[in-house]
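The values are calculated or read from the model by the stated rules, or taken from the named source; none is laboratory data. All figures in this text were calculated on a predicted structure; none of them were measured in a lab. Here Cβ is always computed from backbone atoms with ideal geometry, including for glycine, and neighbour counts include all displayed protein chains.
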Amino acid sequence: MNILLVGAGLSGAVIGRELAEDGHQVTIVESRDHIAGNCHTERDGETGIMVHVYGPHIFHTDDEQVWDYVNRHTNFLPFKNRVKTTSKGTVFSLPINLHTINQFFGRSMRPDEALEFITSEQADTSIEDPKTFEEQALRFVGKDLYEAFFKGYTIKQWGMQPSELPASILKRLPVRFNYDDNYFFHKFQGMPEEGYTKMVEKILDHPSITVHLNTRFTRDEAGQYDHVFYSGPLDGYFDFELGRLGYRTLDFERFTYDGDYQGCAVMNYGEEGVPFTRITEHKYFSPWEEHEGSVCYREFSRACGPDDIPYYPIRQVDEKALLADYVELAETTKDVTFVGRLGTYRYLDMDVTIREALDTADMFRKSVADGTDMPTFAVAP
């Protein structure tokens with residue numbers, strides 16, 4: 001069959017490679033001038049540092065099949081994400097752990113003492129069923145830690161008060177009563193030695209795959225193919241005819257430094273008065289390399305406009321209502337499957353994106369074998 005994939009990010013690359021190996025002819029169109037989507041990496045011409053062009057992407061997963069898949073296409077080296085945060089002129093460790101708690105309160109508590117201190121003296125136990133981000137934080141860690149580490153950062157990141165955000169956002173952020181400062185819990189964690197773009201390039205390296213960069217997709221092209229997998233914005237497929245789904249976007253202020261700027265890969269700034277959310281120092285994402293200079297990004301979050309790159313789906317009440325309308329409209333299309341972060345309007349980590357792409361390819365194989373229609377959404381938005 002002749003298959004079209006819209007977007008040369010992880011979803012398009014993985015689905016494309018799987019179907020090419022099945023004998024299908026695969027065409028991939030990408031509106032940007034590079035592959036790999038937002039995990040695109042490139043060598044900085046001035047310093048030679050591998051830069052995460054659209055912000056840091058750290059691979060972490062418990063899915064052994066996905067870990068094996070990415071390692072078939074590139075060599076992953078160990079990397080632990082150890083985030084720091086600056087609050088009121090002092091540097092602390094994130095996620096909140098025993099060191100953070102002891103440092104912040106000027107104590108030297110053992111794990112059981114810290115747990116008792118937070119739960120009995122800090123946490124607001126009057127909040128029995130937290131509904132908002134703010135309520136969850138107050139119930140979880142109390143007013144002092146919430147205001148130092150979460151409140152200002154959240155306002156800057158999402159452009160709204162924590163009292164307007166669902167509690168589920170904070171449930172993803174751990175608090176540890178030991179000295180473990182590894183940001184992620186997952187069994188497999190690492191960085192591709194040659195960068196993500198080289199990994200995606202190798203995934204796409206198949207004689208039955210053709211990639212066209214700087215090429216925009218239009219709906220009238222869909223009829224030229226047996227099936228289309230669309231990883232662009234769901235509302236964009238329909239030319240935003242029902243309105244635009246809400247996203248946050250990021251601006252990056254690049255600067256260089258002669259030496260080490262901050263001594264770590266990621267430094268958060270939780271105070272609302274600091275306009276940026278964090279500074280990333282890119283050479284620390286490749287700790288096996290040595291560079292005298294440094295490339296850093298100050299990261300600013302704001303509402304996504306029509307010409308901006310969408311990063312984080314907002315998924316508030318209004319957006320969910322509009323999403324439901326677009327899902328209903330999408331279900332009327334024929335031979336098109338919407339995939340990935342933008343195609344399903346969901347925040348997805350890289351490992352989940354790859355897992356869903358592999359599962360989508362399996363679903364397509366089954367639909368071809370059974371002579372049934374491929375679903376419009378392999379995973380419901």
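A few remarks follow.
- Within segment 208-224, the residues that satisfy the criterion of being in contact (Cβ under 8 Å) with a residue 40 or more places away in the chain and either under 13 Å from A13 (Cα atoms) or not aromatic (F, W, Y) (or both) are S208, I209, T210, V211, H212, L213, N214, T215, R216, E221, A222, Q224.
- Residue tally, condition in contact (Cβ under 8 Å) with a residue 40 or more places away in the chain and more than 17 Å from T85 (Cα to Cα), over segment 242-283: 16
- Of the helices (runs of 4 or more DSSP H) that lie entirely inside segment 289-381, those containing 3 or more residues that are farther than 30 Å from E21 by Cα and either touching a residue at least 40 places away in the same chain (Cβ under 8 Å) or of a type outside the set (D, E) (or both) span 317-330.
- Number of residues in segment 149-185 that are buried (at least 19 other Cβ atoms within 10 Å of the Cβ), in contact with a helix residue (DSSP H, G or I) (Cβ under 7 Å, 6 or more places away or on another chain) and hydroxyl-bearing (S, T, Y) equals 1.
- Residues of segment 104-128 that turn out to be of a type in the set (S, T, N, Q) and either touching a residue at least 12 places away in the same chain (Cβ under 8 Å) or closer than 30 Å to M160 by Cβ (or both), as a count: 4
- Residues that are more than 20 Å from R302 (Cα to Cα) and free of Cβ contacts under 8 Å to residues at least 24 places away in the same chain, drawn from segment 129-167: D129, L138, R139, K143, Y146, E147
- For segment 176-247, the strands (runs of 3 or more DSSP E) that sit wholly inside it and include 2 or more residues that are assigned by TED's automatic domain parsing to the domain that holds T353 and under 24 Å from the mean Cα position of the chain (by Cα) are 227-230.
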